[in-house]
1. Is it the case, given these coordinates, that Phe424 is touching a strand residue (DSSP E or B) at 6+ places or on another chain (Cβ under 8 Å) and within 30 Å of Arg293 (Cβ to Cβ)?
2. Scan region 316-323 and give yes if some residue there is at negative phi, out of contact with any Phe, Trp or Tyr (no Cβ under 7 Å at 6 or more places or on another chain) and not β-branched (Val, Ile, Thr), otherwise no.
3. Exactly one condition in (1) closer than 30 Å to Ala112 by Cα; (2) crowded, with 21+ Cβ neighbours inside 10 Å is not met by Leu343; state its number.
4. Could you list all residues from region 180-214 that are surrounded by fewer than 23 Cβ atoms within 10 Å (Cβ to Cβ) and of a type in the set (A, V, I, L, M)?
5. Would you please list the contacts, defined by Cβ atoms under 7 Å and residues six or more apart or on different chains, that run from a residue in region 262-273 that is modelled with pLDDT of 65 or more to a residue that is among the β-branched types (Val, Ile, Thr)?
6. Hey, can you tell me all the residues within region 99-132 that are of a type outside the set (S, T, N, Q) and assigned to a strand (DSSP E or B)?
7. Given the residues Pro135, Pro99, which is the only one that is in contact with an Asp or Glu (Cβ under 7 Å, 6 or more places away or on another chain), buried (at least 23 other Cβ atoms within 10 Å of the Cβ) and not hydrophobic (A, V, I, L, M, F, W, C)?
8. Which of the residues belonging to region 191-212 are assigned to a helix (DSSP H, G or I) and either within 14 Å of Asp155 (Cα to Cα) or small (Gly, Ala, Ser) (or both)?
Amino acid sequence: MKSYLLGIALLFISLPIFALPESNSLETMINYMEGGKTCDDGTDFWKRKSVEVVKNIYSHPTPFHPFGKILEEPHGTYRVRYSKYGCDLGAKGSIVVAPGRGESSVDYFETAIDFTQLGYSPVYVIDHRGQGLSPRLGDDQQKQHLVNYAHYISDMDAIVEEILEDLSSIGRSSEPLFLTTNSMGGGIALVYSISKQSKGQESPFKAMALLAPTIRVNYLSYVRKAPTKLNNLLYSEPGALAIAWKRCGIPRNCDVYAAEEFSTYKPTEFVLTGTPSDENFMTHSKARYDFHRYLFEDFSWDEIKENEYGDENWQSVLIGGSTAGWVVASTPYFPYLRKPETLKKLPNVPMLVMTAEFDHRVYRPYFTGEKDENGDKVIDHDLKYHSDFCENVNTHNQHGNTGLCRFHEVKGAFHELYKETDVFRNEAMSKVDAFFMEMSQ
């Protein structure tokens, strides 16, 4: 234990201190939300943008059409949102961020500040369809719904194209553009990259840093049931898909919550048990957790709604659980991403896959058969889903690049690495920065 604590202390000392240490991050970020953060020329550091895309209607995936059948509605439109952070052009280039499920681009306000301090600017953060600043897809504003996963890809393509135009207009056309993601954003980024490569189009990114990407989802973590063999089977990918199809019912209505535990947003008390086996939360940082709650519960979005949305289906960034439709639309893509024939389609863009040691959204938990000093069953886990993915990328990519993917484990951390407590967050950001700089040489 002493050696572990010494290692953590030395790591903390050796890492750079970023713009907003945890001790004052919450107060500072609330002040920025309430009073604004401006650049030296008086312009806003945070600018909200939108892209008009065709509102395609896709059928839900079936066993015979895994990704759905496209049915276009030519005159329907949808305005997907993203945020642009920064004042000047960063010396190291620019960054695009693809967040995770349920997150908004505003959740990455602090992360954007730190990346600008590191020399990356502007920082662009996507609001995926149906969440964050992007309009909702159903009458219930709190439901995380999706008609087809391909919408995520086409939306990202449209946003990145506009970002490239924006960079060109401000005199940045040759400096590197990097991509970093969290959770669901990593899966979207991988399918986006494969799509570009399949069309014969060059990826705009110099390198990608994927934090806890959804290569495989531990659905058991969402319902918080004991990690027995039966539950691991029931809440595997096929099990979750079967449950979601059942909840869609006949006649089919997939705009229902995917599980009884999925519902409207419910504030929860922030409690750290200190026991990774009991971990059912996403971060050690109460300050960064409280900022996320502030965006959901306390900040008034009325002025932004009135000035920027008109009659669009949006009230705030608040969102609850996923629908059965989201599970049905998303789940088929995860095994698709792991297939060797899919990995051959990846572009020759270096990627870093970074995973927290205690990431219950990623690992497959199981009882070891042992008990701890308190007599409780010991839950074990591993991160092989991610480490094996990297090895398979290096083995199967068509470029013969045996170092295309690197894997890094952040010891002691939980899922939300960009929102973790300083010691883990700084390690993650430093690793991403170092990787981007190495790949830009």
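The values are calculated or read from the model by the stated rules, or taken from the named source; none is laboratory data. What you see is a predicted model, and the numbers here were worked out from it, not measured in a lab. For neighbour counting, all protein chains shown are included, and Cβ atoms are generated from backbone atoms with ideal geometry for every residue, glycine included.
1. Values: touching a strand residue (DSSP E or B) at 6+ places or on another chain (Cβ under 8 Å): yes; within 30 Å of Arg293 (Cβ to Cβ): yes.
So Phe424 fits the description; yes.
2. No: region 316-323 contains no residue that is at negative phi, out of contact with any Phe, Trp or Tyr (no Cβ under 7 Å at 6 or more places or on another chain) and not β-branched (Val, Ile, Thr).
3. Here Leu343 clears every test but (1).
4. Val191, Ile194, Ala207
5. Short answer, once both residue conditions are applied: Tyr265/Ile319.
6. Answer for region 99-132, where residues must be of a type outside the set (S, T, N, Q) and assigned to a strand (DSSP E or B): Tyr120, Pro122, Val123, Tyr124, Val125, Ile126, Asp127.
7. On the way: Pro135 fails: buried (at least 23 other Cβ atoms within 10 Å of the Cβ).
The conditions single out Pro99.
8. Taking region 191-212 first, the residues assigned to a helix (DSSP H, G or I) are 191-198.
Answer for region 191-212, where residues must be assigned to a helix (DSSP H, G or I) and either within 14 Å of Asp155 (Cα to Cα) or small (Gly, Ala, Ser) (or both): Val191, Tyr192, Ser193, Ser195, Lys196, Ser198.
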